[in-house]
Amino acid sequence: SPTGDSWGIFTFLCAALCNLPALPALNCSEELGAGQSIQQTYDLTRYLEHQLRTLAGTYLNYLGPPFNEPDFNPPRLVRAEPRVPSATVDLDLWRGLTDNARLAANYRAYSRLLCYLRLLDGQVGTAELRHRLAHFCASLQGLVLSIGGVMSSLGYPLPAGPAAPPAGPPGAPAAPNDFLKKMDDFWLLKELQTWLWRSAKDFNRLKKKVPPAVVTLRLEARGF
Amino acid sequence: ESHTQYERVGADVTMKCGSMDWDAAVTWTANGTDIDESHLNGSYLILKNVDLSQSGQYSCYEGSSWHLKYQTNLRVGTPPKEPVLMCRSNNYPKGFYCSWHLPTPTYIPNSFNISVIHGTKDMVCEKDAVPKNRCHIRYLQLFSTVKYKVTLTVTNPLGKNFTTLTFDEFAIVKPDPPESVVAKPVPNNPRRLEVSWQNPSSWPDPESFPLKFFLRYRPLILDQWQHVELSDGTSHTITDAYAGKEYIIQVAAKDNDIGTWSDWSVAVHATPWTEEPKHLTTEAQITETTSASTSSFMAPPTTKICDKGAVVGSGAMAVCWTAGLVVAAYSVLFI
C-alpha cells in the first residue's frame, strides 16, 4: 500500500540525507547504466505528475473559491524575488541546454519546490490533506535524489543548495494577507505541475543523448 | 442612387422611393419583375415578415416618366450566433492554430476578429490564406504556467457575437494522425500481419517530443476491435489474426506525456497470408468457431483436432464433436 511504502521511504530518506548534497555510497547492490537511471527518473516524474493532480485538487478545494474554480486564471503578480523557480523558458534556449545545465535546472527547481511544499505542511487543515502532502513530499524527495544520482553518475557536481529546509522562504517577503498567501500556494502548485510536465521532456532528451555504457550506483528505493 | 440594405429574417421592411413624396405615383420592381400594388402603401413598398427568397434588387420608377428614382439591393439574413472556436497544437512545441466557424449561416457577409492574450501580453494570430477561418501562433516560450485566452468576435451588418477559449499550453496538444499506414501479410505466417506507419509530417521534433501510438484492428466480419498501445517504434506485427480473414487496421498518435490522442488514421485493409489452394473443411470450421465467440484465442485448436487425417469412423467424429462442444461451452463464458 502507498502508506506503508511512503513512510518507509520517508524514514530512510530522512535518515540518509539530512543535510545533502553529496550522495552517500549506499546499497551498491547493482550497477546500472545511466540510461536506466534516467528512465527511472522519467518514470518518477510521471508518477508525481499523476499524484499531484489528486493533491492539487484536494488542496485547492481546501483553499476554496476562486482557487478551486477551473476557469481561475489570475494575473501573475511580479514579486521582487521570484518565490518559486519557473519552468518557463525560451524554446531555443531550452533546446540548447547542456546535459549538465538541464539536470541542474531540474535539481535546483525540485529542491526548492520541496522546501516550499514542506512549509505548507504545518499549516493545512485536515489530517487527510496533511497525509497526502507528506506522501507527496516523500516522493518528491525521491525525485531530487534520483536526479542527483544521475548527475553524480555522469560526473556532474550537484548544485549547492540550502543544507536544511529553511525556516522561512529565503529572500521573499511573507505574504501580507491571507488571500495573497493563498495566491502563493496556488502558484506553487501551478509551477510544480508545469515543472513535472517539463521534466518529462527534459528526460526524454537526456534519454537519447546519454551513452548507455556509463556505469552508476543505484539507490535501492523500494516501490515508488 | 443605389445601395445595399440588410434586414433580419422575419422583419417588416418599408422601402421609400428615395425622396419622392408618399402620395407620388411609382412602380416598384423586384429583380426586374413588377411588384403588385397590394404591397404598396402610397409610394412605400411594404414587405412583411421577409424571408431569404426576398433578397434581391429592388427598383423604384416614377409613374409616368419611368425614370429610375431609387434602387437598393436587399439582403435578408440573420445576426451571427455564437461562433464555434477550436484551438489545437498539432506541431508542438512550435505553436498552435485556431479555427472557427458559425453554427448556422447568416446569408450575409461576416467578418471575424481574433485576439490572443497570454498573461498580460497580446499575441498576434496570423491568418492562414488556406483554409480561411484559421490562424496560427508561434510559441515564444515553452512550459508556460499562464493560460492563453483566445477571443473570437464575429460581426455582420445585423449584429455581433463572440466566444472565448482559455487553456494551458499542454491541454491543446493533439497530433495529426499517423501517415502512410501500411499493412502487409507475412509470407508463410497465416496469423500475422505486419503494420508500419510514419510520424505525422506536421510534428516537427519527434526526437525530443516522441510520440506513442495506439493500434486497433479487427476482421471485417466482427465489430469488436483489438487494441495495442506502443510506446515507441513505428511498426508492429499482429500475431493473432484469424487466418484468411480480411482485416481493417487504424493507428492513432499522442505525445508521450501531454495532450490528447489524434484522430484515427486512414483505415488500411489486409488479409494474412494463406496457403494456396485453401482447404474447404478448414474454412467451414473456422467460420463456425469465429461466429461462436468474440475471443481471439478460439479458432485453431478445434481445427487441428478435427482436420488431421485420422477422421475415420464415428469414434474420431465423437472426438471432433466433443472438442467442438467444449470450445463452444468455453466461449459462452466470454460472451
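Identify, from the list B:L222, B:L193, the residue that is part of a loop (DSSP other than H, G, I, E, B) and over 20 Å from A:T194 (Cβ atoms). Reasoning before the result, please.
Values: B:L193 fails: part of a loop (DSSP other than H, G, I, E, B).
Checking each option against the conditions leaves just B:L222.
Taking segment B:9-88 and the strands (runs of 3 or more DSSP E) fully enclosed by it, the elements with 3 or more residues that are surrounded by 15 or more Cβ atoms within 10 Å (Cβ to Cβ), β-branched (V, I, T) and without any contact (Cβ under 8 Å) to a residue 60 or more places away in the chain are at B:26-30.
Restricting B:F143, B:F167, B:F162 to residues that are touching a strand residue (DSSP E or B) at 6+ places or on another chain (Cβ under 8 Å), of a type in the set (A, V, I, L, M, F, W, C) and under 22 Å from A:D92 (Cα atoms) narrows the list to B:F143.
So which residues in segment B:46-66 are farther than 18 Å from B:V9 by Cβ and modelled with pLDDT of 90 or more, if there are any at all? Walk me through how you get there before you give the answer.
Pass one, segment B:46-66, residues farther than 18 Å from B:V9 by Cβ: B:57, B:59-66.
If the condition is that a residue be farther than 18 Å from B:V9 by Cβ and modelled with pLDDT of 90 or more, then B:Q57, B:S59, B:C60, B:Y61 are the ones that fit.
Tally time: how many residues in segment B:209-244 are within 14 Å of another protein chain (Cβ to nearest Cβ) and surrounded by fewer than 16 Cβ atoms within 10 Å (Cβ to Cβ)?
We begin by selecting, within segment B:209-244, every residue within 14 Å of another protein chain (Cβ to nearest Cβ); these are B:209-212, B:231-232.
With surrounded by fewer than 16 Cβ atoms within 10 Å (Cβ to Cβ) added as a condition, the list becomes B:231-232.
The number of residues fulfilling the criteria is 2.
Take the conditions (1) within 29 Å of A:I38 (Cβ to Cβ); (2) of a type in the set (D, E, K, R); (3) touching a Gly at 6+ places or on another chain (Cβ under 7 Å); A:R102 misses just one of them, which is (3).
Cβ-Cβ distances below 9 Å connect the following pairs, each with a first residue in segment B:101-125 that is under 21 Å from B:N156 (Cα atoms), a second residue that is part of a strand (DSSP E or B) and among the acidic types (D, E), and a separation of six or more residues or different chains: B:S115/B:D122. B:V116 meets all of the listed conditions (1) outside any strand (DSSP E or B); (2) modelled with pLDDT of 95 or more; (3) surrounded by 18 or more Cβ atoms within 10 Å (Cβ to Cβ) but one, namely (1).
Can you report the number of residues in segment A:85-128 which are over 26 Å from B:S208 (Cα atoms) and either in a loop (DSSP other than H, G, I, E, B) or touching a Phe, Trp or Tyr at 6+ places or on another chain (Cβ under 6 Å) (or both)? Number satisfying all stated conditions: 5.
Check whether at least one residue in segment B:253-268 is assigned to a strand (DSSP E or B), over 18 Å from B:V186 (Cα atoms) and away from every other protein chain (no Cβ under 14 Å), and report yes or no. Taking every residue of segment B:253-268 in turn, at least one turns out to be assigned to a strand (DSSP E or B), over 18 Å from B:V186 (Cα atoms) and away from every other protein chain (no Cβ under 14 Å).
Can you tell me how many residues within segment B:123-162 are assigned to a strand (DSSP E or B) and either within 14 Å of chain A (Cβ to nearest Cβ) or under 24 Å from B:P204 (Cα atoms) (or both)? Break it down into steps so the answer makes sense when it comes.
Initially, segment B:123-162 is screened for residues assigned to a strand (DSSP E or B), giving B:123, B:126-127, B:134-138, B:141-142, B:148-156, B:159-162.
Retained after the next criterion (residues that are either within 14 Å of chain A (Cβ to nearest Cβ) or under 24 Å from B:P204 (Cα atoms) (or both)): B:123, B:126-127, B:134-138, B:141-142, B:148-151.
Qualifying residue count, segment B:123-162: 14.
The values are calculated or read from the model by the stated rules, or taken from the named source; none is laboratory data. Everything numeric in this text was worked out from a predicted model, so none of it was measured. Because the Cβ atoms are built from the backbone with ideal geometry, glycine has one as well, and the counts that use them run over all protein chains shown.
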